[in-house]
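Chemist: The structure's right below; bear with me while I get my questions together.
Nothing in this text is a laboratory measurement; each read-out follows from the coordinates by a stated rule. As the structure is a computational prediction, the values presented were derived from the model and not from experiment. Here Cβ is always computed from backbone atoms with ideal geometry, including for glycine, and neighbour counts include all displayed protein chains.
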Amino acid sequence: MMLFKLSLRNLKKSFQDYTVYFLTLVLGVAVFYVFNALDSQNVMQAVSASTREIIQLMLAMLAGVSVFVSINLGFLIVYANNFLIRRRKKEFGVYMTLGMSRGGISRILFGETVVIGLISLGIGLVAGVFASQLMSVLVARMFEADMTSYTFVFSGKAAVKTVIYFGIMYVLVILFNAVTVSRYKLLDLLTAERKNEKVRMKNPILAGAVFLVSLGLLAYCYLSVLGVLGTVDRNQTLLLIGLGSLATFLFFWSLSGLLLRMVQGRKRFYLKDLNLFVFRQMNSRINTMVSTMTVICLMLFLTIGVLSCGVSMNQSLTAELEELTPRDVCMTKSMEAGEGQTPEDAEKSIGEYLEDAGFMVSGELADGYVEITSYVLPELTWESTLGDSREQVMEQFPQLDWSHREELVPLSAYNRIAEFYGAPVYELAEDEYLLLCTFDSVKPIRDMSLKAEAALAVGGKQYRPRYRECQEGYLSMSSSRTVLGIFVLPDSAFEESGALPYCNYLAADYRGKTEAEKLAVEERIDQVTEHGSVYAVSKISLRESSVGIAAIVTFIALYLGIIFLISSAAMLALKELSDSSDNRSRYGILRELGADTEMIRKALFRQIGIFFFLPLSLAFVHSLFGVQFVNRMLLVMQQESQEKSILFTALFILLIYGGYFLATYLGSRRIIEEAD
């Protein structure tokens with residue numbers, strides 16, 4: 001009981017030392033609860049069955065992510081706890097001098113860990129419960145759920161899961177404390193404040209050479225992910241990740257040997273104010289934590305990448321959805337025999353196929369629906385339409401299947417379906433063609449051939465491009481702009497061309513007007529097309545799938561981004577607080593030498609600012625290239641969504657990372673001014 005009271009008194013006395021540790025625990029508990037309580041939100045019940053399936057998939061993925069998050073937080077808690085023990089070595093030495101056993105010290109730490117664990121769990125759960133109500137609004141907006149029946153919800157399941165996960169972490173911390181204390185020697189504890197980490201000065205020539213090697217490796221990785229050095233496959237991606245991590249380590253290793261010497265070369269700057277002291281301190285810090293700085297930089301890189309790419313994908317998947325789904329349904333059917341389709345079935349149009357399957361087209365679909373057919377020529381492939389730009393394009397994009405046949409559609413047929421969609425209609429001369437392409441990553445390839453005025457040979461006649469760049473348009477509805485290329489030619493081009501029917505399209509509205517009536521028609525369409533050759537996409541299904549994928553990406557990106565950011569910022573904060581504690585005597589010497597409080601505070605602010613800025617700045621450079629690589633791989637990012645994601649990520653980092661920086665500065669300032 002006496003030891004427990006001593007633990008409580010220690011907590012009160014050292015509360016300010018626990019601020020960053022406590023803040024990290026509370027944030028970790030709150031975030032963990034929020035993302036594990038998503039399935040308890042009552043708005044989840046106000047969605048359609050297909051949306052609910054997407055939500056279940058998202059929750060299953062978040063459950064897997066939670067295991068990774070708990071491991072990450074576990075390491076962070078152990079790391080933070082290690083800082084607190086180091087901070088109190090002299091205190092433990094006094095206890096042992098007064099006759100307390102190592103077991104007694106372990107019990108004190110046990111009591112403190114239990115108390116702060118219970119407090120942080122309690123506050124974190126309360127914060128998480130209220131934050132989860134705000135998450136309900138986000139969920140409702142994403143899934144277009146009805147909020148009229150909203151009620152305040154507490155998820156007992158998520159709370160129990162949070163308590164269990166964090167309880168396991170605290171048990172590991174208690175065991176870690178017991179092992180750590182058992183290894184301490186009395187002399188080491190009493191002289192801990194007078195001991196400094198051994199710092200070996202690096203050879204400047206060697207450090208300079210390693211610095212150049214790190215820059216060379218980074219340049220190679222950056223150029224590779226941009227595609228300048230050729231196409232990157234999966235194995236090369238793993239190699240680039242390894243090389244990038246190695247280059248980051250070498251960068252910080254060499255910087256610790258060059259930073260001080262580079263600054264010393266600028267005498268006027270080096271001798272100004274307390275810069276001499278600041279940069280010597282910085283050199284010592286980087287020198288002793290190269291590995292930690294590397295890990296923090298990579299975690300910040302992951303934070304920026306995950307958040308920006310996640311938000312970009314969310315924006316891209318939901319942008320222009322209304323414009324690209326103007327009608328209730330669009331169905332497509334192959335007109336080629338094979339792949340389970342007999343020649344007789346292949347010749348049937350979608351309307352004929354549906355009627356034969358028992359679906360009354362005229363009764364279920366509104367009047368005025370449009371049905372058209374596109375064509376192919378066996379000899380007309382992607383490669384054959386490149387013209388004079390063939391060699392350049394094929395060399396630059398070797399991963400594409402250039403033997404793929406081009407899809408052709410008569411002008412009158414295209415204009416009919418385009419007018420039905422509300423898309424632009426076109427005019428062509430008898431010897432002209434136009435090319436439809438909406439896929440941003442393929443447009444430049446197509447435009448190269450159009451600018452070279454590549455001729456199109458159809459039925460023994462040459463057709464020239466009407467426009468020098470791809471035009472907007474599509475035949476089938478989609479949730480994003482994914483048309484790789486459709487050639488529109490005059491109707492006369494198909495009269496004696498030998499073109500073969502390729503795909504039949506049918507776009508329509510339902511006769512039913514209410515949501516329930518439309519869903520009933522969709523169910524009947526699904527029944528007759530489930531095992532057949534007709535593929536149907538509807539406005540409802542496209543919206544639900546796009547919103548569902550966007551939600552999965554967004555929530556996982558937020559979950560991981562928050563945890564990575566908290567972890568990296570907390571590690572930096574704890575290291576700086578620990579060093580400030582160890583260096584109090586040095587700041588006392590500065591005061592004795594005549595440095596006033598304001599000058600010391602400015603020096604401390606610059607020192608902590610550089611310490612936080614270094615890994616963030618390199619992580620930002622990494623992300624500039626990494627995000628571009630991911631965008632190219634996913635092929636869905638729009639420029640406007642990237643701008644929004646960059647702004648969101650910057651504000652997010654400013655809030656959390658900046659908050660930890662401010663807390664670190666105030667905590668360090670309090671520690672060094674204790675010597676007054």
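Chemist: Within 10 Å, count the other beta carbons around each residue, average over each peptide in 361-369, 598-606, and list them highest first.
Modeler: 598-606, 361-369
Chemist: State the extension gain, in nm to one decimal, for the chain segment bounded by Lys461 and Arg405, taking 0.36 nm per residue of separation less the distance between their alpha-carbons.
Modeler: Using 0.36 nm per residue and subtracting the Cα-Cα distance, I get 18.3 nm.
Chemist: Gain in length, Arg670 to Glu523, computed as 0.36 nm per residue apart minus the alpha-carbon separation, to one decimal in nm?
Modeler: The span from Arg670 to Glu523 would gain 46.2 nm if fully extended.
Chemist: Further, regarding this structure: Could you pull out the pairs from Lys348/Lys539; Lys157/Lys575; Lys333/Lys539; Lys348/Lys461 whose alpha carbons sit more than 27 Å apart here?
Modeler: Lys157/Lys575; Lys348/Lys461, as the Cα separations exceed 27 Å there.
Chemist: Give me the number: length gained by fully extending Ala131 to Leu624, i.e. 0.36 nm times residue separation minus the C-alpha to C-alpha distance, one decimal in nm.
Modeler: Working: separation 493, 0.36 × 493 = 177.48 nm, distance 3.14 nm.
Contour length minus Cα-Cα distance gives 174.3 nm.
Chemist: Based on the Cβ-Cβ distance from Arg586 to Ser441, what FRET efficiency comes out when R0 is 60 Å, to the nearest 0.05?
Modeler: It comes to 0.60.
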